[in-house]
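These notes are about the structure you will find just below.
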Amino acid sequence: MIFVKEPETVRSADKPRAPIRGADLRQLGAAYWWLVLIAAVITLARFSEAFLVLRAQNIGLPVALVPLVLVMMNVAYAVSAYPAGHLSDRMDRRLVLAAGFGVLIGSDVALALATGVWQVMVGVMLWGLHMGLTQGLLAALVADTTPSTLRGTAFGVFNLASGIAMLIASFLAGWLWDQYGPQATFYAGAGFTTVALFGLMMRRPGQHIVSL
């Protein structure tokens with residue numbers, strides 16, 4: 001309301017066209033679709049935060065202290081989000097994103113191996129840290145990899161793919177929890193994150209998702 005000013009927008013007087021066209025999707029480019037694929041895979045690892053609460057209860061956290069799980073996660077998220085964004089403006093964003101993926105792997109392993117409440121809390125804080133390192137950065141990369149005239153379409157498709165992946169992720173996480181226990185859920189999360197990390201780093205220097 002105070003510091004941000006909207007840019008002037010010139011609207012075309014042409015006849016409105018279909019909101020999504022095949023030609024538009026083709027114009028989004030390979031870098032964008034690679035980002036959508038990586039985001040979908042990492043979303044498979046980022047199932048609902050409700051599983052963090054369930055893990056804490058599974059270890060023995062009293063019901064009265066359950067809100068502490070989400071409080072600690074969001075504190076870590078809030079504290080890390082601005083520094084991560086600031087850092088990503090000054091270096092290859094792919095490296096910052098990779099660091100976030102690495103932190104998520106650490107979080108999943110910590111939650112899988114936890115035998116006490118405080119070990120779970122370490123995993124929870126790492127989960128919040130990975131969100132700070134990746135959430136805003138993924139959105140920035142969508143904008144960086146698409147033409148300004150197609151950014152609405154790009155964000156729509158990106159969020160659609162991420163939403164579908166989130167539904168699959170939570171279903172799969174619940175199934176693994178019921179069939180094989182909580183450790184299987186978090187190890188699977190670490191596995192999906194590892195795949196996403198390899199996919200991110202497979203791009204050669206000349207093929208960075210974003211060039212600064």
Being modelled with pLDDT under 85 and touching a Phe, Trp or Tyr at 6+ places or on another chain (Cβ under 7 Å) is true for just one of T153, T145, T149. Which residue is that? T145
Exclusive hit being in contact with a Ser or Thr (Cβ under 6 Å, 6 or more places away or on another chain), of a type outside the set (S, T, N, Q) and either part of a helix (DSSP H, G or I) or more than 18 Å from A30 (Cβ to Cβ) (or both), set L197, L111, L104, L138: L104
Does any residue of the stretch 2-19 turn out to be surrounded by 15 or more Cβ atoms within 10 Å (Cβ to Cβ), over 14 Å from the mean Cα position of the chain (by Cα), at pLDDT below 85 and farther than 25 Å from H130 by Cα? no
May I ask you to list pairs of residues, at least six apart or on different chains, whose Cβ atoms are under 9 Å apart, with the first in the stretch 116-127 being in a helix (DSSP H, G or I) and the second being crowded, with 20+ Cβ neighbours inside 10 Å and of a type in the set (K, R)? V120/R55; G123/R55; V124/R55; W127/R46
Return yes or no: is S107 at pLDDT 90 or above, surrounded by 20 or more Cβ atoms within 10 Å (Cβ to Cβ), closer than 29 Å to V195 by Cα and among the small types (G, A, S)? yes
Regarding the stretch 194-205, can at least one residue be identified that is within 13 Å of L44 (Cβ to Cβ), at pLDDT 90 or above and surrounded by fewer than 18 Cβ atoms within 10 Å (Cβ to Cβ)? yes
Those residues of the stretch 157-193 which are within 13 Å of the chain's Cα centre (by Cα) and either crowded, with 16+ Cβ neighbours inside 10 Å or of a type in the set (D, E) (or both), in sequence order: F158, A161, S162, A165, M166, A169, G189, F192, T193
Considering only the stretch 162-175, I want to know if a residue exists there that is modelled with pLDDT under 85, among the polar types (S, T, N, Q) and either assigned to a helix (DSSP H, G or I) or under 26 Å from D108 (Cα atoms) (or both). no
Determine which single condition L61 fails, assuming it passes every other condition in (1) part of a helix (DSSP H, G or I); (2) more than 20 Å from the chain's Cα centre (by Cα); (3) of a type outside the set (S, T, Y). (1)
What are the residue pairs meeting all of these: first residue in the stretch 144-162, first residue within 22 Å of G85 (Cβ to Cβ), second residue surrounded by 13 or more Cβ atoms within 10 Å (Cβ to Cβ) and not aliphatic (A, V, I, L, M), Cβ atoms under 7 Å, and 6 or more apart or on different chains? T145/G29; T145/Y32; T146/Y32; A154/Y32; A154/T146; S162/T43
Scanning the stretch 85-98 for residues that are surrounded by 15 or more Cβ atoms within 10 Å (Cβ to Cβ) and without any contact (Cβ under 8 Å) to a residue 40 or more places away in the chain gives L87
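The values are calculated or read from the model by the stated rules, or taken from the named source; none is laboratory data. Bear in mind the structure is a predicted one, so any value in this text is a computation, not a measurement. No Cβ is skipped: glycine too gets one built from the backbone with ideal geometry, and neighbour counts run over all protein chains shown.
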